[in-house]
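Q: Encoded as structure tokens, here's the structure I'll be asking about.
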Amino acid sequence: MPEWYFAKLEKGMVRRNPSEQVLFKSEQCESDEYAGTDQLVREILQNSLDAVDDKTQPVRVRLALYSRIDMPKAIRLKQYFEELESPLSCCSNPVPYADGIPTLHEGFLVCEDFNTRGLEGNINLDSDPPRGDDQPQDFFWFWRNIGCSGKTGNDLGRWGLGKTVYRAASRTGCMLGLTIRKSDRKAYLMGQAVLSIHKRGNTEYVPEGFWGDTRDDGFPLPVEDSTELAAFCGDWRLRREKESGLSVVVPFVCDELRADNVAQAVAVNFIVPILQGRLVVTIESPQATYSFNQNSLRDECKKLQWKGSPKTKRKQPPPVDFIKECLQKDMVTLPESQVLGTDSVPVLSSDSFAADALTELKNSLRQEKLTGAKIRIQLQQKSGQVFVDSIGWLYVFVQRGDSKLRHNSFYVRNGMTITRISSKVEKQGVEALVLVDKNPLADFLGDSEGASHEDWNQSGMQRIEEKWNKTGSVGRINFCRRIVDKFVEYLTPQTEDPDYDLLSDFFFVQRTDSSQNEHTQGRDESRLDASVAPIVSKPKWFTIHEKKGGFRVSRNKSVAMPPNARLRVSVAYDIPNGNPLKTWSPFDFNFRQHDSPQWKGTSIAILAFTGNTVDIAINGEKFAFENTEFDKYRDLFVRIDDITRK
């Protein structure tokens, strides 16, 4: 009969009470919602998509929530949980027991996938397979590892922490899993609990335990007995019969986990593979049932109340029709950029596209048509001790509409929505989709994601350094995060009117004909003359350009430079609201200190410093000065005033 086994905590071993589950909880949830809903859905479905068997057919996933009355009979529950009473009593929130059964009111969750290969590999493997081993060892990676993964570049997962979501959702900190493998049709049943260090008598045991059969040396093995397998399927209401795949049971699942929130998470996070026909998801509960496929997705979304956080893209239904139209585009015929980033950080410039392609893109966006392009980026992958050039790419689609409407920009890597990335133009009626699918850039961006795969940032810099050239990696990540705003800006014709928000991703230039502390709020509008002359934008004799880690100011040759020219440059790190210059802190930087960001230039002289301003005298027509030593992970707010004495 299967039993729970926890290894003894030997002297000298690290004493660790696991806390990985906090990585899969979010603050961006409703007050009555399970905080790990999005992470649970993302990990379950990405693992299923990574294990697809027949790529001509969709992966099918069943997520079923059952109530407490649907639990196995008491005699069977006792066989599953009696041995966990001691370790569960030592947890920070002890679980109450009676007659060997947890006295909890929660039900359970069943997660089953079909048209997947199941947990392949050697069930006796007890150490990491050698590097370069191309044999799948899914069983080993799923059951015997935390924080390690055998997944590769084209997979959605990376960190080896995904299975934590199952245990994190259980009041008893455990999960039970049955797999049928594609290769040999064998079925295996096993369980795992990750609790806390606990005692039985005077002996301490490690937090991690296994449910199954055990060798004489204590090595845990899965259950293979057909009678036990059949009983397990009946106890937990599984639908699996002979088809390969994996079924996981989460007992005593948190009762805040609701079918409607699960359905929203499915629709948002996996809209692309659902619309592509690669994924079908069914959600069952006593309250409601949802079935998501490429034909039903729009109607199922209409059943849901969308009131979640904008940071999870659950404030409004996903743009099903827009994304479907993007996916129907012939990607081969899309305009293709030059390879960007061959010499430095990638940027969109005048020579990024051929002239006729650029004209076509601009006209398409102006006419509010669906506008798309393939953006190619050079990367450098490690190969031994050298770097090898490779080219990655993404597809960006935008469509301008009613400027009063707000949309969500969808950034999708290998079929999974990266929910924490948004754009500024989405607030101005622009719909957008970014697709990065199965190419070196998808591999690179996947390595930049944190454990919950919600953003492209510096969370994965250690893995970036292991596989890629670190130089320019942050710039490439930021370029991809901002591609929607940069693409729309690139295709939008310049106007004669001043646009003070145009460069707000990098800096903000205030009007230079007023003092820095002047405010216009609170004026009596009734005293203003109703007839206002049109604003005439006057070009300056200097220009400012973004550079990595800062900016550069140089001569605008089209405008005459005054004699004895002087400029005052004021700098601060940008903030969401208010005037950054007023909230500048010397803890950010201080130009008076020797270790502050340093100025470099030609034909200039530094006249005076304050903490965040510098006065500069211009001594020649070919002047230029720059400062590129600011924090490259933060946006700059820069103001330049012409203080030339008339």
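The values are calculated or read from the model by the stated rules, or taken from the named source; none is laboratory data. This structure is a prediction, so every number in the text was calculated from the model and none was measured. Neighbour counts run over all protein chains shown; Cβ positions are idealised from the backbone, glycine included. SASA here: full protein model, heavy atoms, side chains in, ligands and nucleic acids out. Shrake-Rupley method; radii C 1.70, N 1.55, O 1.52, S 1.80 Å.
Q: Under the 0.36 nm per residue contour assumption, what length would be gained going from the current alpha-carbon distance of Ser350 and Asp299 to full extension?
A: The Ser350-Asp299 span can extend by a further 14.0 nm.
Q: Among Lys311/Lys404; Lys303/Lys438; Lys404/Lys547; Lys55/Lys182; Lys303/Lys329, which pairs are too far apart, with a Cα-Cα distance over 24 Å?
A: Violating the 24 Å limit, Cα to Cα: Lys303/Lys438; Lys404/Lys547; Lys303/Lys329.
Q: Further question on the same structure: Estimate the FRET efficiency between Glu3 and Arg366 by the formula 1/(1 + (r/R0)^6), using the beta-carbon distance for r and 60 Å for R0, to the nearest 0.05. If you can, show how the numbers build up before the last one.
A: Numbers: r = 70 Å, r/R0 = 1.16.
My answer for the efficiency is 0.30.
Q: Given a Förster radius of 51 Å and the C-beta distance between Arg566 and Lys438 as r, what FRET efficiency does 1/(1 + (r/R0)^6) yield to the nearest 0.05?
A: Working: r = 55 Å, r/R0 = 1.08.
For R0 = 51 Å, the calculated efficiency reads 0.40.
Q: Then there's this: If we count every other residue with Cβ under 15 angstrom of Asp216's Cβ, Lys/Arg +1 and Asp/Glu -1, where does the sum land? Show your work: numbers first, answer last.
A: Working: positive: Arg215; negative: Glu3, Asp126, Asp213, Asp217.
Within the 15 Å Cβ shell, the charges total -3.
Q: While we're looking at this one, here's another question. Give, in nm to one decimal, the length gained when the segment between Glu336 and Lys622 is fully stretched (0.36 nm per residue of separation minus the Cα-Cα distance).
A: 99.3 nm
Q: At a probe radius of 1.4 Å, what is the per-residue accessible area of Asp437, in Å² to the nearest 10?
A: So the heavy atoms of Asp437 present about 80 Å² to solvent.
Q: Along Cα→Cβ, 7 Å out, is where each label goes; now give me the distance between the ones at Thr103 and Asn122 in nm to one decimal.
A: Distance between label points: 4.8 nm.
Q: In what sequence, highest mean first, do 179-189, 254-264, 333-343 appear when ranked by Cβ atoms within 10 angstrom?
A: Details: 179-189: 17.6, 254-264: 20.4, 333-343: 15.4.
The densest-packed peptide leads the list: 254-264, 179-189, 333-343.
Q: Moving to a separate point now. Nearest 10 degrees, 0 to 90: what angle lies between the long axis of helix 226-235 and the longest principal axis of the chain (Cα atoms)?
A: 60
Q: In addition: Each label point is 7 Å from the Cα along the Cα-to-Cβ direction; what then is the distance between the points at Thr610 and Glu325, in nm?
A: A separation of 5.0 nm, rounded to one decimal place.
Q: Could you state the number of Å between the C-alpha centres of segment 72-137 and segment 596-624?
A: Segment 596-624 and segment 72-137 have Cα centres separated by 65 Å.
Q: Based on DSSP H runs of at least 4 residues, each adding -39500 (n - 2.57), what is the mean residue ellipticity at 222 nm of the chain after dividing by all its residues, to the nearest 500 deg cm²/dmol?
A: Numbers: 15 runs with 124 residues, N = 646.
Dividing the helical sum by the residues of the chain leaves -5000 deg cm²/dmol.
Q: Using a Förster distance of 56 angstrom, determine the FRET efficiency expected from the C-beta separation of Lys307 and Arg15, and round it to 0.05.
A: Approximately 0.80, to the nearest 0.05.
Q: Cβ under 10 Å from Ser554's Cβ, Ser554 left aside: what net charge do those residues give with Lys, Arg +1 and Asp, Glu -1?
A: +3
Q: Angle, helix 259-269 long axis vs. longest principal axis of the chain, Cα atoms, 0 to 90°, nearest 10?
A: Helix 259-269 sits roughly 50 degrees off the main axis of the chain.
Q: Note down the nm distance, to one decimal, between modelled labels 7 Å out along Cα→Cβ at Arg131 and at Lys186.
A: 2.9
Q: So, one more: Among the listed pairs Lys470/Lys632; Lys78/Lys186; Lys362/Lys424, which have their C-alpha atoms separated by more than 24 angstrom in this model?
A: Values: Lys470/Lys632 14 Å; Lys78/Lys186 27 Å; Lys362/Lys424 19 Å.
Listed pairs above 24 Å: Lys78/Lys186.
Q: Determine the sum of side-chain charges near Ser67: Lys and Arg each +1, Asp and Glu each -1, restricted to other residues whose C-beta is under 11 angstrom from that of Ser67.
A: Spelling it out: positives minus negatives among the neighbours equals -2.
Q: Full-extension gain between Ser554 and Glu208, please, as 0.36 nm times their residue separation minus the C-alpha to C-alpha distance.
A: Net length gain for the segment: 118.4 nm.
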